[in-house]
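Only one structure is covered here, and it is reproduced in the block below.
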Amino acid sequence: MRYQISGKQIDIGDALQTHVKLELGEAVKKYAERPTDATVVFSKSGHEFVCEATVHLSTGLTASAKAHSTEIYGAFDACNEKMEKQLRRYKRRLKDHHKDRAEPVELFGASSYILASDSNADALEPETLQPMIIAEMQTKIATLSVGEAVMQMELAGAPVLVFRNESKEGLNVVYRREDGNIGWIDP
């Protein structure tokens, strides 16, 4: 498994990198058969350290976790615990989906945009109907079944997931509703 361990405006020492590789490697190996790469980012928020970890699995799914603590090792350990809990919870489902799928998840490219929010709430009318684009990025849209899409959304901790439905060849959306249920949009 490839590791990318970095810090946002903080120095990450060799001891912490070794600790991350050993602990995360053990946790992921226990519950996921073939992880491909892991990204761990440390940052500081006020007096707390924040650890965000993302693990990409060979099945095309992504698991991510985030934790805070007053110590950097504590932040990683809490994040690693959350990652392990997610993977343990979805181990059976990951294996079941992997058995049904003969080939890895198919991905196709798309553009992702970040639009500026209306920071002036007192304005009655916007100057133009075209939103201001702050950033444009490339993203990948996976071809998944609805069950895999729901599992991917829950593993990533995302509120919404756009995917290509493998049974209907169209774009679909799954999202978490305010009542806690999952919504599915199938145009």
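Quick one: of LYS29/LYS85; LYS44/LYS85; LYS30/LYS82, which pairs are farther than 22 Å apart, Cα to Cα?
From LYS29/LYS85; LYS44/LYS85; LYS30/LYS82, over 22 Å: LYS44/LYS85.
For the range 150-164, in order, what is each residue's ³J(HN,Hα) by Karplus, 6.51 cos²θ - 1.76 cosθ + 1.60 with θ = phi - 60°, in whole Hz (x at glycine and Pro)?
Coupling constants for the range 150-164: 5, 5, 4, 4, 5, 5, 7, x, 8, x, 8, 9, 9, 8, 9 Hz.
When HIS47, HIS56 are ordered from fewest to most other Cβ atoms inside 10 Å of their Cβ, what list results?
Ranked by crowding around the Cβ, least crowded first: HIS47, HIS56.
Give me the distance between the Cα centres of the range 13-65 and the range 143-183, rounded to whole Å.
The range 13-65 and the range 143-183 have Cα centres separated by 23 Å.
Under a cut-off of 25 Å between alpha-carbon atoms, report the lysines in cross-link reach of LYS168, not counting same-chain residues fewer than 8 places apart.
LYS95, LYS99, LYS140
What's the exposure ranking of ILE133, ILE141, ILE5, going from fewest to most Cβ atoms within 10 Å?
If I rank by nearby Cβ atoms, fewest first, I get ILE133, ILE141, ILE5.
Using the 10 angstrom Cβ neighbour count as an exposure proxy, how do GLU23, GLU48, GLU169 rank, fewest first?
GLU169, GLU48, GLU23
Once all Cα-Cα distances of the range 2-98 are split into 5 Å bins that start at 0, what whole-number percent is in each one?
Histogram of Cα-Cα distances, whole percents per bin: 3, 14, 27, 25, 16, 10, 5, 2, 0.
Each value in this text was obtained by applying a stated rule to the coordinates, not by laboratory testing. All values reported here derive from a predicted model rather than from experimental measurement. Cβ: placed from backbone, ideal geometry, glycine included. Neighbour counts: every protein chain shown.
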